[in-house]
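The values are calculated or read from the model by the stated rules, or taken from the named source; none is laboratory data. Keep in mind that this is a model prediction, so the values were computed, not measured. Ideal geometry is used to build each Cβ from the backbone, glycine not excepted, and the neighbour counts take in all protein chains shown.
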Amino acid sequence: MTIRNESDLRTVLDRAVSQVQVTDIHTHTYPADFGKLLLWGIDELLTYHYLAAETLRWTDVPYDTYWSMTKQQQADLIWQVLFIDNTPYSEACRGVLTVLEKLGLDTGKRDLESYRSYFASMKVEDYIDKVFETAGVKEIVMTNDPFDDLEFLVWERGGGRTDTRFKAALRVDPLLNSWSAAGRRLRAWGYEVEADITGKTIEEVRRFLRDQIDLMGALYLAVSLPPSFRYPEDSERGRLIENCILPVCLEKGIPFVMMIGVRKLVNPDLKLAGDAVGKSDIDTVLNLCAAYPRNKFMVTMLARENQHELCVAARKFRNLMVFGCWWYLNNPSLIEEMTRMRLELLGSSFIPQHSDARVLDQLIYKWTHSRKIIGEVLFNKYSDLMATGWLPEASEIERDVDKLFFGNFQTFLQRELP
């Protein structure tokens, strides 16, 4: 079917975007066998760190008092402050309401206890199914940190692979950002590492990475990095990346995923909510892509100011895949701006979004909101093409949507670079 007018374009595109089954390439959520690591339900939604920080702007409640509250007490406070005493304009607040509405709950009642009753009636395994169906997500990639004691136990007892919709990604923040502490853990696990990143240590860290990738079936290896990160870098982190991370990624044929730009705990009193953003150096990405052309890199950057440079970098290196609107960029105005810019510079050769969901339910609102924004940008771009006389086929639109929402990730994972 050839699309000849904007009315037909709207119908075909809306159908394609609403029906596509998403691969969410980066989340912090887990299947049921991960126990307490799986967060879900209204109280977890309300106490998400975005909303905690927003609430503590409005109140005089001391930080220590807030953190000493029970989860339900924190949720009560946040509901009262952000949803009753104030209008819930923020994207994080709107997200909670979108989840409730998509689950068939009446947000107009503003009845927190009735929402709690709904979630209390759900069995976790059934609720996971419902969230995936409602969000239109077919599979997600977890964040799997072997240095986390709770997660370590899951993998040790053979868990982590019972629900095949949840894919693993090996997270190595402690290894790269806190080598002394990570080295002690590796020694306790039987890896003969030393304080210096020398021959024996390099081989043992490589062995550890191979073991964890194989144990988890990890699709990629990932790290969150500060804006001060540089490459080349004469540091433990730099030597580990050069001598351990990149060789093992190349050997295993998996990407090295870098999320760059987070400034940790600028306000320690806010705990997880206390991180901020900083502009990073794009030369770091350029240097890595140029020095290791056979390695695959996936990069997202936290500062808005880095987005144009990152797009230009991706134009120059086929081993670089730009992805997502991370953390503070996950707001409608910025998602629209970034998606439009990426289409204009990269065509469809990028991954427009990931949810970064820490609470399972967030899959619903993040993909509901992102589908609408991405779909609208695509509508404008197809309209621009049609104005030149280039008339798209319905099958071409469906192909493009599939690439953006799951295909580009799968192709990049499978691609072998010459």
Picking from Lys71, Lys109, Lys102, the residue that is at pLDDT 95 or above, out of contact with any Gly (no Cβ under 8 Å at 6 or more places or on another chain) and surrounded by 15 or more Cβ atoms within 10 Å (Cβ to Cβ) would be Lys102
> Quick one: would you say Arg171 is in contact with a strand residue (DSSP E or B) (Cβ under 7 Å, 6 or more places away or on another chain), surrounded by fewer than 16 Cβ atoms within 10 Å (Cβ to Cβ), in contact (Cβ under 8 Å) with a residue 12 or more places away in the chain and among the basic types (Lys, Arg)?
Replying inline: no
Here the residues within the stretch 17-63 that are in contact with a helix residue (DSSP H, G or I) (Cβ under 8 Å, 6 or more places away or on another chain) and free of Cβ contacts under 8 Å to residues at least 40 places away in the same chain are Thr47, Glu54, Thr55, Trp58, Thr59, Val61
Considering the stretch 362-387, residues that are within 15 Å of Cys325 (Cβ to Cβ) and among the aromatic types (Phe, Trp, Tyr), and then whichever is surrounded by the fewest Cβ atoms within 10 Å (Cβ to Cβ), we arrive at Trp367
From the option list Leu9, Leu77, Leu56, Leu46, single residue qualifying as crowded, with 17+ Cβ neighbours inside 10 Å, out of contact with any strand residue (DSSP E or B) (no Cβ under 9 Å at 6 or more places or on another chain) and within 30 Å of Lys403 (Cα to Cα) is Leu9
Of the residues in the stretch 21-43, those that are closer than 29 Å to Gly407 by Cβ, surrounded by fewer than 21 Cβ atoms within 10 Å (Cβ to Cβ) and of a type in the set (A, V, I, L, M) come to Ala32, Leu38
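Yes or no, residue by residue, for (1) over 21 Å from Leu37 (Cα atoms); (2) at pLDDT 95 or above; (3) part of a helix (DSSP H, G or I):
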| position | (1), (2), (3) |
| --- | --- |
| Phe119 | no, yes, yes |
| Met122 | no, yes, no |
| Glu125 | no, yes, yes |
| Ile128 | no, yes, yes |
| Thr134 | yes, yes, yes |
| Leu150 | no, no, yes |
- Message: Looking for something surrounded by fewer than 20 Cβ atoms within 10 Å (Cβ to Cβ) and under 19 Å from Phe350 (Cβ atoms) - is there at least one such residue anywhere in the stretch 269-277?
- Response: no
The correct count of residues that are over 15 Å from the mean Cα position of the chain (by Cα) and at positive phi in the stretch 291-336 is 0
**Study point:** Residue match in the stretch 239-250 (condition: more than 19 Å from Ala182 (Cα to Cα) and buried (at least 21 other Cβ atoms within 10 Å of the Cβ))
**Key:** yes
Picked from the stretch 207-239 (must be farther than 15 Å from Pro146 by Cβ and outside any loop (DSSP other than H, G, I, E, B)), the residue nearest to the chain's Cα centre (by Cα) is Ser224
Condition set surrounded by fewer than 22 Cβ atoms within 10 Å (Cβ to Cβ) and basic (Lys, Arg), scope the stretch 322-361, selection nearest to Phe256 (Cα to Cα): answer is Arg358
The residue that is farthest from the chain's Cα centre (by Cα), considering only those in the stretch 388-409 that are β-branched (Val, Ile, Thr) and buried (at least 17 other Cβ atoms within 10 Å of the Cβ), is Ile397
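Report, by residue number, each residue of the stretch 280-298 that is hydroxyl-bearing (Ser, Thr, Tyr) and closer than 12 Å to Pro247 by Cα.
Within the stretch 280-298, just Tyr292 meets the criteria.
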Taking Thr339 as the residue in question, decide whether it is among the hydroxyl-bearing types (Ser, Thr, Tyr) and within 18 Å of the chain's Cα centre (by Cα). yes
In the stretch 344-402, anything assigned to a loop (DSSP other than H, G, I, E, B) and acidic (Asp, Glu) is listed as Asp356, Asp361
Of the residues in the stretch 182-200 that are assigned to a loop (DSSP other than H, G, I, E, B) and not acidic (Asp, Glu), the one that is farthest from Asp149 (Cα to Cα) is Thr198
Per the list (1) under 30 Å from Arg161 (Cβ atoms); (2) surrounded by fewer than 20 Cβ atoms within 10 Å (Cβ to Cβ), residue check on Met259 breaks on (2)
